[in-house]
Amino acid sequence: MRVIVRTLALSASMLIAGLLIGMFVLTPILLTNQETTQQPFPQDSAWRNQAIRVVGSTTVLPIANACAIRFMEVYNTTSITVEGGGSGRGYSELIDDLCDIATASRKPKQSELDAATQKGVMLVLHEIAIDGIAIIVNPSVTEGLNEPLNLTLEEVGKIFAGVYSKWSEVREGLPDKDIMVFVREHGSGTRATFEEFCMEPFGFEVKTGAAEVSSNPAMRLSIEQTPYSIGYIGL
C-alpha cells in the first residue's frame, strides 16, 4: 500500500495512510444466570436523574462531548462529564466500575476481555463511526519537493522504528536532517491501530526515545512546532 503526502496551508503536511478503525461506545452488563436482554430507554430510568461519567478515547472525545451536551439539553436533570485519557483507560475504568460509559477507537484486547470476565462484566460495543489515521509531518520535511511524497507502509514503519534516522535516507531530495518522531502514549487506541498496520506486519517496534503525547490536539501541535518531525492523528 502506498500513501501520499498532502500539504495544509496553515499547519502540517498530512500523509493520508488510509487506516480505518471503528470508534465505539461501550456499556457494561453484569453477568447473571438469567438471559441478558436489551431494553429500550424507559421513561422512568434512573439515568435521567443522576450523574453519568464517560471516559476513554481522545479521538471519540469531540463526538462524546457533543452527544453529552445534546443529551443534557433534552434531559436537564442529568449531569454528564466526559474525559479523555485513551481507549485503554476507558476499558480499564469501565471494567473496574469507575465510569458508566467508555469510549474507544479500537476493539478490546484479549487481556481486557479476560479482566472483564473475571469481574463478571460483559462489554457491550456500540459502533458509532469509522475513523481514519493520518501520518502527519512538519512542512519543513517536504519544503522544495516538486512531487508528492509517496511512502509505503513499510517505509513509514522504518521511520518510526528508527531504521531511517535522517530524512535523506528515506528518499532522495528530502532534507539531510534528523527525523523527530512523535507517538501516542501506551494505551491509546490510535497508537494500537497504527502499530497494527505499520509496525507489526514488518516486525518493527517503535524506536526508543520517541516522544510521547497524550492526545490528538497535542500531537498536531507538536508536529506544527517541531521542524523535521513526523507523527499520526485520528481524523
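The values are calculated or read from the model by the stated rules, or taken from the named source; none is laboratory data. Remember, predicted model here, so these are calculated numbers, not experimental data. Because the Cβ atoms are built from the backbone with ideal geometry, glycine has one as well, and the counts that use them run over all protein chains shown.
Observations on the model:
- Single condition Leu113 does not satisfy, out of (1) touching a Ser or Thr at 6+ places or on another chain (Cβ under 6 Å); (2) surrounded by fewer than 17 Cβ atoms within 10 Å (Cβ to Cβ); (3) within 22 Å of His186 (Cβ to Cβ); (4) not charged (D, E, K, R): (1)
- Residue check, Arg171 in contact with a Leu (Cβ under 9 Å, 6 or more places away or on another chain) and either at positive phi or among the charged types (D, E, K, R) (or both): yes
- Lone qualifier among Ser188, Ser214, Ser222 - being surrounded by 14 or more Cβ atoms within 10 Å (Cβ to Cβ), modelled with pLDDT of 95 or more and under 19 Å from the mean Cα position of the chain (by Cα): Ser222
- Restricting attention to region 206-229, the residues being within 21 Å of Asp176 (Cβ to Cβ), polar (S, T, N, Q) and part of a helix (DSSP H, G or I) number 0.
- Contacts under 7 angstrom Cβ, first residue in region 76-101 being part of a loop (DSSP other than H, G, I, E, B), partner of a type in the set (Phe, Trp, Tyr), 6 or more apart: Thr78/Trp47; Thr78/Phe71
- All of (1) in a strand (DSSP E or B); (2) at pLDDT 90 or above hold for Ala64 with one exception: (1).
- Failed condition for Ala102, given (1) of a type outside the set (Lys, Arg); (2) at pLDDT below 90; (3) under 19 Å from Gly187 (Cβ atoms): (2)
- Some residue of region 39-48 being crowded, with 22+ Cβ neighbours inside 10 Å and either modelled with pLDDT under 60 or not aromatic (Phe, Trp, Tyr) (or both): no
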